[in-house]
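Visitor: This is the structure, below, for whatever I ask next.
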Amino acid sequence: GAVVSQHPSWVICKSGTSVKIECRSLDFQATTMFWYRQFPKQSLMLMATSNEGSKATYEQGVEKDKFLINHASLTLSTLTVTSAHPEDSSFYICSGRGLRSNQPQHFGDGTRLSIL
Amino acid sequence: DAKTTQPPSMDCAEGRAANLPCNHSTISGNEYVYWYRQIHSQGPQYIIHGLKNNETNEMASLIITEDRKSSTLILPHATLRDTAVYYCIVRVSNFGNEKLTFGTGTRLTIIP
């Protein structure tokens with residue numbers, strides 16, 4: 001089955017630093033990638049959608065200057081949390097989908113971000 | 001956008017079939033029903049999806065009612081590893097960007 005690799009799986013850093021999370025589709029070309037955030041005991045919330053080579057589309061309430069998304073190739077998307085603060089601590093999950101719109105999304109195993 | 005309704009939790013004995021219901025009474029004709037599950041501290045795992053007809057794969061079966069207003073995910077022989085939160089999702093299409101909107105799902109606990 002389709003595999004999405006997310007790195008790192010876990011990161012702790014000081015308040016004010018920037019953190020980059022990578023999402024790679026290993027065995028398919030992800031024309032569209034999605035970034036989600038999940039707080040404890042809550043469901044996944046979509047943050048943004050990105051198509052390869054285009055600017056990401058952010059959901060309402062998500063700051064695009066805070067959460068920088070790059071999708072420069074069909075197999076790699078990155079999310080950079082800039083000037084992270086404790087309230088940004090969360091479980092960040094990416095997913096990728098191929099060209100056909102009714103194909104399922106395949107998810108990475110998530111990145112647990114803790115800001116001290 | 002079509003919304004889904006699922007029971008918050010269910011228990012099932014190991015080895016028995018787990019039947020997880022989902023209501024999606026406002027589904028549109030071209031919207032698919034997707035099922036994902038999330039095991040604790042992992043990303044969601046795709047299980048199955050369908051439009052009108054019943055579907056089966058190596059993981060599960062999906063039964064969609066004729067009026068498409070509800071569906072049931074069937075895990076034929078549940079194991080302890082099937083303990084997870086199961087999400088029934090109707091795919092939303094918005095300005096060409098298809099996205100999945102996760103609800104609260106059903107927390108399925110498989111009991112030894």
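The values are calculated or read from the model by the stated rules, or taken from the named source; none is laboratory data. What you are looking at is a predicted structure, and each value in this text was computed from that prediction instead of being measured. Neighbour counts are summed over all protein chains in view; Cβ atoms, including those assigned to glycine, are modelled from backbone coordinates with ideal geometry. Just so you know, the surface numbers come from the protein's heavy atoms only, side chains and all, with ligands and any DNA or RNA stripped out. Shrake-Rupley method; radii C 1.70, N 1.55, O 1.52, S 1.80 Å.
Visitor: Starting from the Cα of A:Lys64, draw a straight line to each of the aspartates and glutamates and keep only those under 18 Å, dropping any in the same chain fewer than 8 residues away.
Guide: A:Glu22, A:Glu52, A:Glu87, A:Asp88
Visitor: Report Rg (one decimal) and Dmax (nearest whole number) for the range B:16-56, counting Cα atoms only, units Å.
Guide: In Å, with Rg to one decimal and Dmax whole: 12.3, 34.
Visitor: Another question, if that's okay. Distance between Cα centroids, the range A:53-100 to the range A:1-44: provide it in whole Å.
Guide: Taking the Cα centre of the range A:1-44 as reference, the centre of the range A:53-100 is 8 Å away.
Visitor: With θ set to phi - 60° and the Karplus curve 6.51 cos²θ - 1.76 cosθ + 1.60, what are the ³J(HN,Hα) couplings of the range B:33-40 in order, to the nearest whole Hz, using x for Gly and Pro?
Guide: 9, 10, 10, 10, 9, 10, 7, 3
Visitor: Pairs B:Lys52/B:Lys99; A:Lys41/B:Lys3; A:Lys41/B:Lys52; A:Lys14/B:Lys99; A:Lys66/B:Lys3; A:Lys20/B:Lys3: which exceed 27 Å Cα-Cα?
Guide: Where the Cα-Cα span goes over 27 Å, the pairs concerned are A:Lys41/B:Lys52; A:Lys14/B:Lys99; A:Lys66/B:Lys3; A:Lys20/B:Lys3.
Visitor: Kindly sort A:Ser43, A:Ser5 by accessible area of their heavy atoms, largest first, with the probe set to 1.4 Å.
Guide: From most exposed to least exposed: A:Ser5, A:Ser43.
Visitor: Here's something else I'd like to know. Quick one: Debye curve from the C-alpha atoms of the range B:13-112, no solvent, what's log10 I(q)/I(0) at q = 0.14, 0.16, 0.19 Å⁻¹?
Guide: -0.51, -0.67, -0.92
Visitor: Right, next: If you count, for each residue, the other Cβ atoms within 10 Å and average over each peptide, how do A:26-35, A:54-63, B:19-28 line up from highest to lowest? Can you show the working numbers first?
Guide: Numbers: A:26-35: 20.4, A:54-63: 13.2, B:19-28: 17.6.
Highest mean packing first, the order is A:26-35, B:19-28, A:54-63.
Visitor: To continue, here is another question. Mind checking the per residue accessible area of chain A for me, 1.4 Å probe, whole number of Å²?
Guide: That works out to 50 Å² per residue.
Visitor: Over the Cα atoms of the protein assembly as shown, each weighted equally, I'd like the Debye log10 I(q)/I(0) at q = 0.15, 0.16 Å⁻¹, rounded to two decimals.
Guide: -1.01, -1.12
Visitor: Could you work out the mean count of beta carbons from other protein chains within 10 Å of each residue's beta carbon in A:104-112? If you can, show how the numbers build up before the last one.
Guide: Numbers: counts 10, 9, 5, 8, 3, 6, 5, 1, 1.
Partner-chain Cβ atoms within 10 Å, mean over residues of A:104-112: 5.
Visitor: Please average, across the residues of B:32-42, the number of beta carbons from any other chain that are within 10 Å of each residue's own beta carbon, and give a whole number.
Guide: For this peptide, the per-residue mean of nearby foreign Cβ atoms is 3.
Visitor: Using only protein heavy atoms and a 1.4 Å probe, how much accessible area in total is buried between A and B, to the nearest 100 Å²?
Guide: Looking at A and B, the buried total is near 1600 Å².
Visitor: In debye to the nearest 20, how big a dipole does the range A:44-107 give about its Cα centre with +1 on each Lys and Arg Cβ and -1 on each Asp and Glu Cβ?
Guide: Value, rounded to 20: 300 debye.
Visitor: Moving to a separate point now. Calculate log10 I(q)/I(0) of chain A for q = 0.10, 0.13, 0.19 Å⁻¹, where I(q) comes from the Debye formula with a single equal point scatterer on each Cα and nothing for solvent.
Guide: -0.26, -0.44, -0.95
Visitor: Roughly what % of Cα-Cα distances in the range A:23-83 sit above 12 Å, to the whole percent?
Guide: 66
Visitor: Probe radius 1.4 Å, ligands and nucleic acids left out: which of A:Glu22, B:Glu14, B:Glu58 has the largest accessible area, and how do the rest follow?
Guide: B:Glu58, B:Glu14, A:Glu22
Visitor: Another question about this same structure. For the range A:1-57, just the Cα set please: Rg and Dmax, both in angstrom.
Guide: Values for the range A:1-57 (Cα only, Rg and Dmax): 13.3, 38 Å.
Visitor: Peptide A:31-42: average number of partner chain Cβ atoms within 10 Å per residue?
Guide: That average works out to 2.
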